[in-house]
Each structure stands twice: as C-alpha cells, then as structure tokens.
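The values are calculated or read from the model by the stated rules, or taken from the named source; none is laboratory data. From a predicted model like this one, the values you see are computed outputs, not experimental measurements. With ideal geometry, Cβ positions are generated from the backbone for all residues, glycine too; neighbour counts draw on all protein chains shown.
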C-alpha cells in the first residue's frame with residue numbers, strides 16, 4: 001500500500017466517510033469500509049480509524065438530513081430514483097428511525113442517500129435521526145475494524161498476491177474517482193440551487 005495513503009490514515013478515512021454519507025455520490029459503494037479495512041490490516045490504529053469513520057459519517061449524514069429537511073419533497077424527487085421513492089416514503093412514514101438504522105447498517109449496494117434525504121424531508125426529528133443513524137453506523141464500522149484486526153493480514157496477503165503490481169494504479173484510480181465525484185456533486189448542487197432560484201424568481205414575477 002502506498003505510504004502516502006497510510007500517512008493520511010484517519011484524515012483520509014474521515015473525508016471519505018463524510019462524502020460517503022453526503023449528497024455527493026461516491027463512484028465505489030462501500031468506499032469507507034474498504035479503506036478502513038485496508039488501513040487497519042496495515043497496522044493502522046483501529047480505535048482512531050473507527051472514530052474517524054464514525055465521526056465523518058455522522059457529519060455527512062446530518063448534512064444530508066438537513067438538506068432533505070430544507071428541500072422537502074422537491075429534494076426527494078430530484079435526488080431519489082423513482083423506483084425507490086414510493087417504498088422509501090412509505091417505510092419512513094411508518095417507522096422513520098428504524099428505517100434509517102437498517103439502511104445505515106446494510107452493506108453495499110444498498111443506497112444510503114435516499115433514506116437520509118427522506119428522513120429529513122418526511123419529518124424524522126434530529127435527535128431520533130442522530131441516535132438511529134449514529135448507533136447503526138457505529139455498529140457497522142466497529143465490525144469492519146474488528147474484521148481488519150482479526151483477518152487483516154489475510155487481506156494484505158491476498159492484495160500482495162493478486163494486486164501488488166497494480167497497487168499504485170488501483171489507489172490513484174480510486175482517488176481520481178473520489179475527486180471527480182466530489183466535483184460533479186458540487187456542480188450538480190449549485191446547478192440545482194440555481195434552477196430553484198430561477199423558478200422562484202419566475203413565480204414571483206408572475
């Protein structure tokens with residue numbers, strides 16, 4: 001594993017986990033899980049890495065919940081695919097806190113963003129959201145850290161056996177995809193904000 005990634009350590013995990021729970025789409029599902037697992041397996045501090053993953057995802061999740069609360073159902077229709085919108089809305093209205101908790105602990109490719117936005121847009125309170133989401137993500141990343149401690153050396157051996165010659169390519173491609181996703185997400189957010197402003201102006205003029 002490249003030394004610069006190891007040295008980023010908890011800072012890199014924090015940034016990736018924050019993005020992973022935000023409205024900025026990450027190109028690789030489970031990015032935080034993979035990064036934490038590899039760093040713990042490579043003798044990273046499991047307590048520090050776990051804390052970084054949990055704190056990052058809480059901040060990202062809270063920002064997404066806030067965006068859903070401010071944007072309401074308009075935000076849902078814009079960001080949530082139509083095939084997910086009806087069932088997620090139904091589940092969230094029946095039992096919002098439980099729905100958020102289950103979505104937060106399920107592995108990829110289950111999408112997290114629709115559930116976080118729906119929680120804000122459909123009235124799940126901040127405290128209930130933070131408790132449910134925080135407990136579920138803490139359990140998930142604690143399990144990933146334990147897997148890294150218990151089976152990490154096998155992961156490293158498998159990496160060395162099958163991907164050693166491509167490690168730099170894989171890591172740089174991963175970083176490049178993260179940067180591209182962040183730029184696209186920021187552009188899309190600003191574009192949507194601009195469209196909302198134009199729509200509000202047109203309604204006011206009429």
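Residues in the stretch 100-114 that are assigned to a loop (DSSP other than H, G, I, E, B) and under 20 Å from residue 76 (Cα atoms): 109, 110, 111, 112.
Within the stretch 20-36, the set of residues being in a helix (DSSP H, G or I) and at pLDDT 85 or above comprises 20, 32, 33, 36. For first residues located in the stretch 71-82 and surrounded by fewer than 13 Cβ atoms within 10 Å (Cβ to Cβ), partners that are modelled with pLDDT of 75 or more and part of a loop (DSSP other than H, G, I, E, B) and lie 6+ apart or on another chain with Cβ distances below 7 Å do not occur. Per the listing 135, 147, 117, 143, the residue uniquely under 23 Å from residue 47 (Cβ atoms) and either touching a residue at least 40 places away in the same chain (Cβ under 8 Å) or not in a helix (DSSP H, G or I) (or both) is 147.
Take the conditions in contact with a helix residue (DSSP H, G or I) (Cβ under 8 Å, 6 or more places away or on another chain) and surrounded by fewer than 22 Cβ atoms within 10 Å (Cβ to Cβ) and apply them to residue 97. Does it pass? In short, yes.
Selection within the stretch 122-145: residues that are crowded, with 17+ Cβ neighbours inside 10 Å and over 18 Å from the mean Cα position of the chain (by Cα). The member of this set that is nearest to residue 81 (Cα to Cα) is 122. Out of the stretch 61-70, which residues are within 17 Å of the chain's Cα centre (by Cα), without any contact (Cβ under 8 Å) to a residue 60 or more places away in the chain and surrounded by fewer than 21 Cβ atoms within 10 Å (Cβ to Cβ)? Listed by number, the residues that qualify are 63, 66, 67. Among the conditions (1) touching a residue at least 40 places away in the same chain (Cβ under 8 Å); (2) more than 24 Å from residue 179 (Cβ to Cβ); (3) surrounded by 15 or more Cβ atoms within 10 Å (Cβ to Cβ), residue 58 misses just one, which is (2).
Run down 117, 112, 37 and say which single residue is surrounded by 19 or more Cβ atoms within 10 Å (Cβ to Cβ) and over 20 Å from residue 132 (Cα atoms).
Values: 117 fails: over 20 Å from residue 132 (Cα atoms); 112 fails: over 20 Å from residue 132 (Cα atoms).
Selected residue: 37, the only one of 117, 112, 37 that is surrounded by 19 or more Cβ atoms within 10 Å (Cβ to Cβ) and over 20 Å from residue 132 (Cα atoms).
Going by what's in this entry, would residue 35 be described as over 30 Å from residue 121 (Cα atoms) and touching a helix residue (DSSP H, G or I) at 6+ places or on another chain (Cβ under 6 Å)? Taking the combined requirement at face value, the residue satisfies it.
Got a number for residues in the stretch 120-132 being in a helix (DSSP H, G or I) and either under 14 Å from residue 67 (Cβ atoms) or without any contact (Cβ under 8 Å) to a residue 40 or more places away in the chain (or both)? First the steps, then the outcome.
The initial filter retains those residues of the stretch 120-132 that are in a helix (DSSP H, G or I), namely 120-121, 126-132.
Next, from what is left, pick out any that are either under 14 Å from residue 67 (Cβ atoms) or without any contact (Cβ under 8 Å) to a residue 40 or more places away in the chain (or both): 120-121, 126-129, 131-132.
Residues flagged as in a helix (DSSP H, G or I) and either under 14 Å from residue 67 (Cβ atoms) or without any contact (Cβ under 8 Å) to a residue 40 or more places away in the chain (or both) within the stretch 120-132 amount to 8.
Check whether at least one residue in the stretch 92-99 is free of Cβ contacts under 8 Å to residues at least 12 places away in the same chain, farther than 20 Å from residue 22 by Cβ and in a helix (DSSP H, G or I), and report yes or no. Yes, the stretch 92-99 contains a residue that is free of Cβ contacts under 8 Å to residues at least 12 places away in the same chain, farther than 20 Å from residue 22 by Cβ and in a helix (DSSP H, G or I). When the criteria are applied in full, residue 74 meets the requirement of being more than 17 Å from residue 29 (Cα to Cα) and assigned to a helix (DSSP H, G or I).
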